[in-house]
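> Take a look at the following structure, please.
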Amino acid sequence: MSSHQTELPLAGVKVVELSHLVAAPHAAMLMADEGAEVIKVEPPQGELSRSREPTRKLGPHRVSGHFGACNRGKRSIALDLKNGSGREVMRKLLAEANIFITNVRADALGRLGLHPDSLHEEFPHLIVVIISGFGYKNAGEYEGRAGLAMVGEALSGSTGLARDHQGHPVWCGFALGDVAAGMTAHSATLLALRLQDKTGKGRVLDITLAESMLPMVGSPIVRTQVADESVKEAAGPNNYNGVPYGTFKAKDGFVNLGVNNDKLWRQFCVAIGQPELGTDPRYALYLDRAARTAEVVELTEAFTSQHTRDELTRIFEEADVPIASILSIPETMANDYYAMRGAFEMADDGLGGELQLPIDPTRLTDPNARKALPRLDQHRQEILEQYGFNAADRARLADAGAFGQQTAEVD
């Protein structure tokens, strides 16, 4: 272990992950970035995201873009948890772990002998983190329902805030709810670790996609309560964000531009060459602009559509009006700001290639580490040896079916 690794905030912390797709894998990846030893336990065929397209292939092996986003820096072991010998290995891992994180449904965990409550009784030192759509208990009719990011987003009201020009709700286009839940799980786990250090005891953390989205819409929730009817009528569908505020057409794409107070409005008007509008009684105050939102949007886009994104950025930056080009993902990856900040890092894809990934934005990581994605079951032998299984034990477990029958092409 390098000196950088021993200085990392989670050095010495052991995490066992039994999860798939985004939320729990994202949280566990952040812990790995921050120095924790993360063992990813997968079914013999690999977790769900390994086989999701698009994939990069090399011979019988492939790596999925979905898997690549959330699994750097982990070690992988495949266990058949429906098999008693597979569960034997799992319990050995849990006995020595600080944290168990999963987004498998509680009833499925129960069938494997891994229900959060029973684990808490069996391993009172263990922090058990379960992420689900609505909660593994105390959720009434929602308990046990299937949950995806977009379901949590819809229930939180966040999807209802983003609408197209016809007034239809628009999904954001990525797994915001999953990442929100992963970040919530990560921060909750760090707090639970602090308590574990003090008391020696673990706890069950019941993290939901739906609740993790609520802080995202905290301001709209409160604004809705304090606005009287006249203000609501004046603001219309703008959600009290400012006018103009949103996405506007440029010559070569689109920009996001925000004017969220009256001083910025006056600066905006100077920038577009119409300073008189800054004090025009029709537009000078926010609620007056909100009542004339369509007019303000029209005059804004009449200006923005005549300029490129770079020109608009220069014009409004000089006026100190917040603006940014709307970038494609390839443009984001090549953006000079992110390059200057070192916001991306390269990780080995496990197939001899590499992937450009966003860094852990805390930067409490080892800057010299070259992280890699684990191949399915890549670390079986070293994990078993580390946890005291000798050659005879390993042969016995294999003969008993602890590792199942693997499908190489999803590796």
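> Looking only at the stretch 18-45, count every residue that is more than 19 Å from Arg87 (Cβ to Cβ) and assigned to a loop (DSSP other than H, G, I, E, B) and tell me the total.
5
> Taking the options Arg56, Arg75, name whichever one is farther than 16 Å from Ile101 by Cβ and either in contact (Cβ under 8 Å) with a residue 40 or more places away in the chain or within 17 Å of the chain's Cα centre (by Cα) (or both).
Values: Arg75 fails: farther than 16 Å from Ile101 by Cβ.
Within the list Arg56, Arg75, the selection yields Arg56.
> Another question, if that's okay. Taking helices (runs of 4 or more DSSP H) that do not extend beyond the stretch 258-317, which have at least 3 residues that are touching a strand residue (DSSP E or B) at 6+ places or on another chain (Cβ under 7 Å)?
Helices (runs of 4 or more DSSP H) meeting the threshold: 293-304.
> Here are the criteria: (1) acidic (Asp, Glu); (2) surrounded by 12 or more Cβ atoms within 10 Å (Cβ to Cβ); (3) farther than 29 Å from Glu42 by Cβ. Tell me which single one Asp366 does not satisfy.
(3)
> Here's a follow-up. How many of the residues making up the stretch 271-283 are crowded, with 16+ Cβ neighbours inside 10 Å and of a type outside the set (Gly, Ala, Ser)?
Residues flagged as crowded, with 16+ Cβ neighbours inside 10 Å and of a type outside the set (Gly, Ala, Ser) within the stretch 271-283 amount to 3.
> Between residues in the stretch 304-325 that are on the phi > 0 side of the Ramachandran plot and residues that are modelled with pLDDT under 95, which pairs lie under 9 Å by C-beta distance while being six or more apart or on different chains?
none
> Just checking, which of Leu193, Leu155, Leu176, Leu148 is in contact (Cβ under 8 Å) with a residue 12 or more places away in the chain, more than 29 Å from Gly65 (Cα to Cα) and either of a type outside the set (Lys, Arg) or in contact with a His (Cβ under 8 Å, 6 or more places away or on another chain) (or both)?
Working: Leu155 fails: more than 29 Å from Gly65 (Cα to Cα); Leu176 fails: more than 29 Å from Gly65 (Cα to Cα); Leu148 fails: more than 29 Å from Gly65 (Cα to Cα).
On inspection, the qualifying residue turns out to be Leu193.
> List, please: which pairs have Cβ atoms under 8 Å, are six or more places apart or on different chains, and start with a residue in the stretch 330-349 that is on the phi > 0 side of the Ramachandran plot and end with one that is surrounded by 11 or more Cβ atoms within 10 Å (Cβ to Cβ)?
Gly342/Ile359
> Next question, about the same structure. Do we have any residue at all in the stretch 48-71 that's more than 25 Å from Pro367 (Cα to Cα), part of a helix (DSSP H, G or I) and among the hydrophobic types (A, V, I, L, M, F, W, C)?
Among the residues of the stretch 48-71, at least one is more than 25 Å from Pro367 (Cα to Cα), part of a helix (DSSP H, G or I) and among the hydrophobic types (A, V, I, L, M, F, W, C), which makes the answer yes.
The values are calculated or read from the model by the stated rules, or taken from the named source; none is laboratory data. These numbers come from a predicted model, not from an experiment. Quick reminder, even Gly has a Cβ in these numbers, built from the backbone with ideal geometry, and neighbours come from all protein chains shown.
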